[in-house]
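The values are calculated or read from the model by the stated rules, or taken from the named source; none is laboratory data. Predicted model only: the values in this text are computed from it and were never measured. Glycine also receives a Cβ, built like all others from the backbone with ideal geometry; neighbour counts cover every protein chain displayed. These accessible areas exclude ligands, DNA and RNA; they are computed on the full protein's heavy atoms, side chains included. Shrake-Rupley method; radii C 1.70, N 1.55, O 1.52, S 1.80 Å.
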Amino acid sequence: MNLILLGAPGAGKGTQAEVISETLLIPQISTGNMLREAVANGTEYGVKAKAAMDSGALVSDDIVIGILKERIAQDDCKDGFILDGFPRSVPQAEALDEMGVKIDKVLEIFVPDKTIQARVSGRRVCESCGATYHIEYKPSKQDGICDKCGGKTIIRKDDMLETVLKRLATYHETTEPLKSYYENQGKLETVVGQEEVAETTALTLKAVGAK
């Protein structure tokens, strides 16, 4: 099965991609890892990507899709793959179709924005040992102090509410239109994220036909 996973930042899409990968024994392909591997291996499109990156330019969609086609031609993709983080826009999806990359199903992990904001902006990380907490779901025993090492817990820039809101706005403007694009192709299925990750996982596995 060839899958695309959609979901707003903070919806837990990556976690579900890992579960599907482990259950169906198909690779999870992220754009960043794919680009790095192609550049390191010196593939045809990897060389083109390196030239773009070295010049400070963005890697064009046709190069990314060329690298994707090289990647999914590898043996571990013979039974399918999961695209996590690509396409990010309708033009990229159209280019994917035009280059003949077959997609069987597009799975959206849906979580309301307010829930994502509470989940992400409530995270705290120990700046000494990296232990993670949440002010509501997993607070440290003493506010601002790590239970494990006594270090200071902080909110990372990526977890600040202002950053979260910007990332959500970008998602809604650029990536969310993909839902209509794939719905019109009859490929979209939505899984509503639950409070318990295990419950979301059960729904996700059901959606991809895993037992």
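Ordering ILE29, LEU58, ALA8 by Cα displacement along the dipole of the stretch 7-59 toward the positive end leaves LEU58 in first place; charges were set at the Cβ atoms of Lys, Arg (+1) and Asp, Glu (-1). Averaged per residue, the stretch 1-149 has 52 square angstrom of accessible surface, using a 1.4 angstrom probe with ligands and nucleic acids left out.
The charge dipole of the stretch 1-88, taken about the Cα centre with unit charges on the Cβ atoms of Lys, Arg (+1) and Asp, Glu (-1), comes to about 200 debye, rounded to the nearest 20. Under the criterion of Cα pairs below 8 Å and six or more residues apart, the relative contact order for the chain equals 27 percent.
Each Lys and Arg adds +1 at its Cβ and each Asp and Glu adds -1 at its Cβ; summed about the Cα centre, the chain shows a dipole of about 560 debye.
Values [x] 121; [y] 131; [z] 150 are given for comparison; volume of the Cα convex hull per residue in Å³, derived from the coordinates here, is the one labelled [z]. Largest mean-square fluctuation among GLY100, GLY66, GLY14, in a Gaussian network model of the chain whose springs join Cα atoms under 10 Å apart, belongs to GLY100.
Pairs exceeding a 26 Å alpha-carbon distance, out of LYS141/LYS206; LYS78/LYS187; LYS166/LYS206; LYS50/LYS157; LYS50/LYS105: LYS141/LYS206; LYS166/LYS206; LYS50/LYS157; LYS50/LYS105. Each of VAL106, THR132, SER89 was placed along the dipole of the stretch 77-211 (beta-carbon charges, centred on the mean Cα), and the one lying farthest toward the positive end is THR132. Summing charges over all other residues whose Cβ lies under 13 Å from the Cβ of ALA52, with Lys and Arg as +1 and Asp and Glu as -1, gives -1. A simple rule links phi to the HN-Hα coupling: the Karplus curve 6.51 cos²θ - 1.76 cosθ + 1.60 with θ = phi - 60°, which for the stretch 38-55 gives 5, 5, 5, 7, x, 5, 3, 6, x, 5, 5, 5, 4, 4, 5, 5, 5, 8 Hz, with x for Gly and Pro.
For ARG124, the residues whose amide H sits under 5 Å from its own are TYR133, HIS134, ILE135, ignoring neighbours fewer than 5 places away on the same chain, with H placed 1.01 Å from N. Remark: the stretch 80-89, residue by residue, has Karplus-estimated 3J(HN,Hα) of x, 7, 10, 8, 10, x, 8, x, 10, 8 Hz, where x stands for each Gly or Pro and the curve is 6.51 cos²θ - 1.76 cosθ + 1.60 at θ = phi - 60°.
Heavy-atom accessible surface of LYS50, to the nearest 10 Å², is about 90 Å², with a 1.4 Å probe and all protein chains retained. Within the stretch 14-123, all pairs of alpha-carbon atoms sorted by distance into 5 Å bins from zero give the percentages 2, 10, 19, 21, 18, 13, 10, 6, 1. Amide H contacts of GLY85 (H built 1.01 Å from N, in plane; Pro and chain starts excluded): LEU5 sit under 5 Å, all sequence-distant by 5 or more or on other chains.
Think of it as helices only: each DSSP H run of n ≥ 4 in the chain is worth -39500 (n - 2.57), and spread over all residues that comes to -12500 deg cm²/dmol at 222 nm.
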